[in-house]
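Asker: Handing you a structure now.
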Ligand code: SAH
């Protein structure tokens with residue numbers, strides 16, 4: 001299938017089986033693939049006929065200089081992003097560039113590492129009567145975060161949080177989460193490094209001890225921090241299936 005558009009495809013968190021069927025089909029039929037090398041599993045590209053480029057060392061202009069002429073020449077072009085492209089994928093600047101060049105694009109979602117990490121620890125992030133909200137965010141690093149959505153302010157909501165790009169700043173993450181005034185030293189936390197990869201690691205703890213555990217394990221990148229009361233033991237789990245739950249949808 002040839003298309004006059006560029007496909008942004010979510011590669012999923014690592015396990016090649018966590019790529020969508022549509023993503024697989026597009027990769028198999030691609031002529032050119034530009035992939036985010038540091039986190040995309042190379043196994044996804046094994047055996048495909050496309051010319052593949054790691055975007056890690058490339059500027060935005062260089063990425064565009066690869067993709068645009070190929071697309072105009074009628075080739076099938078896939079821009080492969082880790083997890084889901086909507087989260088910290090820098091896709092917006094690429095799409096804006098393509099719009100200026102009058103090149104269409106389409107996005108194929110992927111399994112975000114937030115959900116791969118939740119799966120790894122078998123957590124439901126939305127537990128009735130505990131929290132019904134999930135916050136996907138990050139600690140401020142080189143990329144600034146608006147003050148109104150600082151970790152401290154978001155932590156004051158007391159919901160489940162999935163914190164990207166921040167495990168290298170664990171001490172400040174913990175300090176900010178506690179400063180929100182709702183989570184305590186006893187609030188459960190799970191850190192999942194390289195979720196769904198063969199070398200996945202899971203650390204469980206509380207805001208009181210997780211920073212120490214992360215430091216001891218030497219985890220400084222590619223990890224998801226999950227925090228909130230829903231990360232606690234299953235004993236406090238959903239009342240959805242309790243005998244006295246008589247209305248509403250089960251699903
Ligand atoms: N679009 C991606 C996120 C890219 S930002 C997604 O939806 O998952 C990169 C950050 O994502 C990392 O710093 C880490 O916090 C997280 N991440 C990506 N892959 C991961 C994995 N396999 N396990 C745990 N965290 C991961």
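The values are calculated or read from the model by the stated rules, or taken from the named source; none is laboratory data. Note that the coordinates shown come from a computational prediction; the quantities given were computed from them, not determined experimentally. A quick note on method: Cβ atoms are made from the backbone with ideal geometry, for glycine too, and the neighbour counts reach across all protein chains shown.
Asker: When residues of segment 192-209 are filtered for being away from the ligand (no atom under 15 Å from the Cβ) and either assigned to a strand (DSSP E or B) or in contact with a strand residue (DSSP E or B) (Cβ under 8 Å, 6 or more places away or on another chain) (or both), how many remain? I'd like the intermediate steps shown before the answer.
Answerer: Step one: list which residues in segment 192-209 are away from the ligand (no atom under 15 Å from the Cβ), which gives 205-209.
From the residues that got through so far, the ones that are either assigned to a strand (DSSP E or B) or in contact with a strand residue (DSSP E or B) (Cβ under 8 Å, 6 or more places away or on another chain) (or both) too are 205-207.
Here the count works out to 3.
Asker: Has segment 127-140 got any residue that is within 16 Å of the ligand (Cβ to nearest atom), outside any strand (DSSP E or B), outside the structural domain of residue 42 (by TED's automatic domain parsing) and closer than 15 Å to residue 88 by Cβ?
Answerer: Let us first name the residues in segment 127-140 that are within 16 Å of the ligand (Cβ to nearest atom), namely 134-140.
Still in the list and also outside any strand (DSSP E or B): 139-140.
In the following step, the residues that additionally are outside the structural domain of residue 42 (by TED's automatic domain parsing) were identified as 139-140.
Next cut, closer than 15 Å to residue 88 by Cβ only: 139-140.
Yes, segment 127-140 contains a residue that is within 16 Å of the ligand (Cβ to nearest atom), outside any strand (DSSP E or B), outside the structural domain of residue 42 (by TED's automatic domain parsing) and closer than 15 Å to residue 88 by Cβ.
Asker: Can you say whether residue 184 is at pLDDT below 95 and either assigned by TED's automatic domain parsing to the domain that holds residue 19 or surrounded by fewer than 17 Cβ atoms within 10 Å (Cβ to Cβ) (or both), as far as the supplied structure shows?
Answerer: Working: at pLDDT below 95: no; either assigned by TED's automatic domain parsing to the domain that holds residue 19 or surrounded by fewer than 17 Cβ atoms within 10 Å (Cβ to Cβ) (or both): yes.
Taking the combined requirement at face value, the residue does not satisfy it.
Asker: Of the residues 63, 103, 48, which single one is away from the ligand (no atom under 13 Å from the Cβ), touching a residue at least 40 places away in the same chain (Cβ under 8 Å), surrounded by fewer than 21 Cβ atoms within 10 Å (Cβ to Cβ) and more than 30 Å from residue 159 (Cα to Cα)? Don't jump to the end; show me each part of the working.
Answerer: Working: 63 fails: touching a residue at least 40 places away in the same chain (Cβ under 8 Å); 48 fails: touching a residue at least 40 places away in the same chain (Cβ under 8 Å).
Criteria check complete, one pass: 103.
Asker: Please verify whether segment 75-95 includes one or more residues that are surrounded by fewer than 16 Cβ atoms within 10 Å (Cβ to Cβ) and more than 16 Å from the ligand (Cβ to nearest atom).
Answerer: no
Asker: Among the candidates 214, 189, single out the residue that is surrounded by 15 or more Cβ atoms within 10 Å (Cβ to Cβ), within 16 Å of the ligand (Cβ to nearest atom), assigned to a helix (DSSP H, G or I) and in contact (Cβ under 8 Å) with a residue 40 or more places away in the chain. Please lay out each step first, then the result.
Answerer: Details: 189 fails: assigned to a helix (DSSP H, G or I).
Criteria check complete, one pass: 214.
Asker: Is it the case that some residue within segment 165-180 is in contact with a helix residue (DSSP H, G or I) (Cβ under 6 Å, 6 or more places away or on another chain), closer than 29 Å to residue 18 by Cα and within 11 Å of the ligand (Cβ to nearest atom)?
Answerer: At the first step, the residues of segment 165-180 found to be in contact with a helix residue (DSSP H, G or I) (Cβ under 6 Å, 6 or more places away or on another chain) are 166, 170-171, 174, 176-177, 179-180.
Next, only the ones that are closer than 29 Å to residue 18 by Cα stay: 166, 170.
With the extra rule that they be within 11 Å of the ligand (Cβ to nearest atom), the set shrinks to 166.
Yes, segment 165-180 contains a residue that is in contact with a helix residue (DSSP H, G or I) (Cβ under 6 Å, 6 or more places away or on another chain), closer than 29 Å to residue 18 by Cα and within 11 Å of the ligand (Cβ to nearest atom).
Asker: Kindly state which strands (runs of 3 or more DSSP E) lie completely within segment 22-106 and contain at least 2 residues that are within 25 Å of the chain's Cα centre (by Cα) and under 24 Å from residue 117 (Cβ atoms).
Answerer: On the way: elements: 32-35, 51-54, 77-81.
Answer list for segment 22-106: 77-81.
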